[in-house]
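Read through the structure below, which is laid out as structure tokens, and then see the notes.
The values are calculated or read from the model by the stated rules, or taken from the named source; none is laboratory data. In this text, all values refer to a predicted model and were calculated from it rather than measured experimentally. Positions of Cβ are generated from backbone atoms using ideal geometry, with glycine treated the same way; all protein chains shown enter the neighbour counts.
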Amino acid sequence: MTGHRIPGASAGHEGPTSLLCVPFAGAGASFFHPWRALAADRWSVVAFELPGRERRMLETPYRSVVEAARDEVDGIAATLGEGARVVLFGHSLGAVLAYELVHLLTKRDVQVERLVVSGSPGPWTQRERRAAGLPDEEFLARVEEFAGFRHEALDHPEMRELILPVLQADCEMHENYFPSTDEPLSVPICSLRGDSDGLVTADEAQQWRDATTGGFSYVELPGDHMYLVDLGREVLDVIGTESARGC
């Protein structure tokens with residue numbers, strides 16, 4: 001759906017920098033709603049909603065990261081407002097989608113101050129082990145192995161019927177992702193990783209250094225691939241510290 005406006009965001013560039021949060025596979029915008037209180041007056045937290053979940057439940061999920069970014073960027077830019085200042089945050093699938101969005105937003109009247117990626121190798125590195133295309137039970141087992149946890153909603157037949165197609169589409173677009181351009185970003189990148197992440201190595205997480213001509217930083221937080229489920233405040237503190245460095 002082109003031109004979709006993001007609930008909870010205000011147009012214009014008055015006030016604090018926006019923190020645009022891009023969801024990981026299977027997640028909706030509501031995952032980031034608690035971050036609004038945690039962010040206090042540091043940022044205006046804007047949670048990006050992908051089709052197929054929550055407010056956009058009836059829309060067809062994307063199966064291409066590049067297509068999703070291209071279709072959604074105008075709506076995001078309009079929501080942020082002319083001359084907006086924004087930091088983008090994305091975890092796993094959200095990291096590469098945020099990366100594509102930064103390329104597009106910087107060509108519009110949006111001032112991207114920083115890209116914060118989490119739980120992701122560099123954008124050109126694809127997983128050797130895949131989940132997309134497996135039968136349902138094998139798919140869920142593989143996703144659970146990758147993520148390090150199983151969402152309790154998948155144990156309820158009605159919820160599973162709603163969530164499974166979206167999760168499958170998200171995994172397909174993540175695992176088939178290839179960057180739309182070889183051109184590095186000019187904005188600073190901070191790469192975050194859970195220190196016991198079994199899916200993304202420290203070396204892979206630091207590949208993002210080569211995705212920008214701006215500053216680069218790397219931070220590890222305690223936990224596995226889905227460390228951010230319990231460490232929202234700590235993630236925001238890192239973003240605040242990195243933003244204060246201004247490089």
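Within segment 69-101, being assigned to a helix (DSSP H, G or I) and surrounded by fewer than 24 Cβ atoms within 10 Å (Cβ to Cβ) holds for ALA69, ARG70, ASP71, VAL73, ASP74, GLY75, ALA77, ALA78, THR79. Applying the condition of being touching a Pro at 6+ places or on another chain (Cβ under 7 Å) and part of a helix (DSSP H, G or I) to segment 171-209 and asking which residue is nearest to ALA29 (Cα to Cα) yields ALA205.
Within segment 230-247, the set of residues being free of Cβ contacts under 8 Å to residues at least 60 places away in the same chain and surrounded by fewer than 16 Cβ atoms within 10 Å (Cβ to Cβ) comprises ASP230, ASP237, THR241, ALA244, ARG245, GLY246, CYS247. Of all residues in segment 55-68, those that are surrounded by 16 or more Cβ atoms within 10 Å (Cβ to Cβ) and touching a Gly at 6+ places or on another chain (Cβ under 9 Å) total 3.
Across segment 83-102, the qualifying residues are those that are under 10 Å from the mean Cα position of the chain (by Cα) and modelled with pLDDT under 95, and the one among them that is nearest to VAL200 (Cα to Cα) is SER92.
For segment 33-60, residues that are part of a helix (DSSP H, G or I) and either in contact with a Leu (Cβ under 9 Å, 6 or more places away or on another chain) or of a type in the set (Ser, Thr, Tyr) (or both) total 4.
Screening segment 149-170 for residues that are in contact (Cβ under 8 Å) with a residue 40 or more places away in the chain and part of a helix (DSSP H, G or I) and picking the one that is surrounded by the most Cβ atoms within 10 Å (Cβ to Cβ) gives ASP170.
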